[in-house]
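The values are calculated or read from the model by the stated rules, or taken from the named source; none is laboratory data. Note that the structure is predicted; figures quoted are calculated from it, not measured. Positions of Cβ are generated from backbone atoms using ideal geometry, with glycine treated the same way; all protein chains shown enter the neighbour counts. Just the protein is used for accessible areas: all its heavy atoms, side chains included, with ligands, DNA and RNA removed. Shrake-Rupley method; radii C 1.70, N 1.55, O 1.52, S 1.80 Å.
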Amino acid sequence: MKELIVYFYDNVICIVYQNKIIEKKLDSIYQGLVVDRTKFMESFLAILKKEKIKSKLFGDKIYVVRDAYYSVRDLYYLESMFVEMGFIKVVFIDIYELFHKKYTYIGVFSDYIVFYLDKPILLDLTYFKDLPKLIDYFKDYYQKYVVLFGSNINVANVSSDLVNIYYIDQYQDFVAKSLLKVKKYGV
């Protein structure tokens, strides 16, 4: 059985399976969190069926990318949901494992931003519109270089006089492509 990995961002579930990336927008996801359990479970099982991902999954492990801002409650919620769908074990992959340690990463998504610092910070972009100013505000907490990724179309346009900002060439699917490259996750 090939590994089945899921990653949540915006209102999207990203499924990585057999060297293939499947992304679906779902109403049951908001800012990378499942907000409607029943709708999500129905949609997820429908996606598995439509994409012909083995229905023999029951009893297998599922890998879930644990974003830095997830609380213990969020993790419990996800784990119980996938166990209820028949997975024997839910293994969380820490998103920090996908990052180079020498850089500070900032995820800029459609309506929120995540600063991956020692203690992650999630801010709703409804209230914070000026990305460069917002990024400059936390400059004292960064490594030498700041790397931007995420689904926001403005990622490539963000610049600052105070911070060395870079963005990943394929910034919109950075996490999914990183998951394709990682071969084994351990337990």
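Listing for the model above:
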quantity: The stretch 47-102, relative contact order in percent, only Cα pairs under 8 angstrom and at least six apart counted; calculated: 44
quantity: Mean separation of Cα contacts under 8 Å (6+ apart) over length of the chain, as relative contact order %; calculated: 17
quantity: Qualifying chymotrypsin sites (Phe, Trp or Tyr not before Pro) in the stretch 119-154, DSSP loop, other Cβ atoms within 10 Å at most 13; calculated: TYR127, PHE128
quantity: Solvent exposure of the chain as accessible area per residue, Å², 1.4 Å probe; calculated: 57
quantity: Helix 37-50 vs. the chain, principal-axis angle (Cα, 0 to 90°, nearest 10); calculated: 70
quantity: Accessible area of the chain belonging to carbon and sulfur atoms, whole % at 1.4 Å probe; calculated: 51
quantity: Residue-count net charge about ILE13 - beta-carbon cut-off 11 Å; Lys, Arg +1, Asp, Glu -1; calculated: 0
quantity: The stretch 1-92, relative contact order in percent, only Cα pairs under 8 angstrom and at least six apart counted; calculated: 26
quantity: Theoretical FRET efficiency, 1/(1+(r/R0)^6), r = Cβ-Cβ of ASN19 and LYS89, R0 35 Å, to 0.05; calculated: 0.95
quantity: Alpha-carbon centroids, the stretch 91-115 and the stretch 27-49: separation in whole Å; calculated: 22
quantity: Which labelled figure in [x] 61, 57, 30; [y] 45, 40, 35; [z] 53, 32, 28 is Cα extents along the principal axes in Å, once derived from the coordinates; calculated: [z]
quantity: Spin-label proximity, VAL35 to the stretch 80-116 - amide N less than 17 Å from point 7 Å beyond Cα toward beta carbon; calculated: 109-114
quantity: Computed [θ] at 222 nm, helices only, for the chain once each DSSP H run of length n ≥ 4 contributes -39500 (n - 2.57); calculated: -6500 deg cm²/dmol
quantity: Lysines whose Cα lies under 21 Å from that of LYS101, excluding same-chain neighbours fewer than 8 positions away; calculated: LYS119, LYS139, LYS144, LYS177, LYS181, LYS183, LYS184
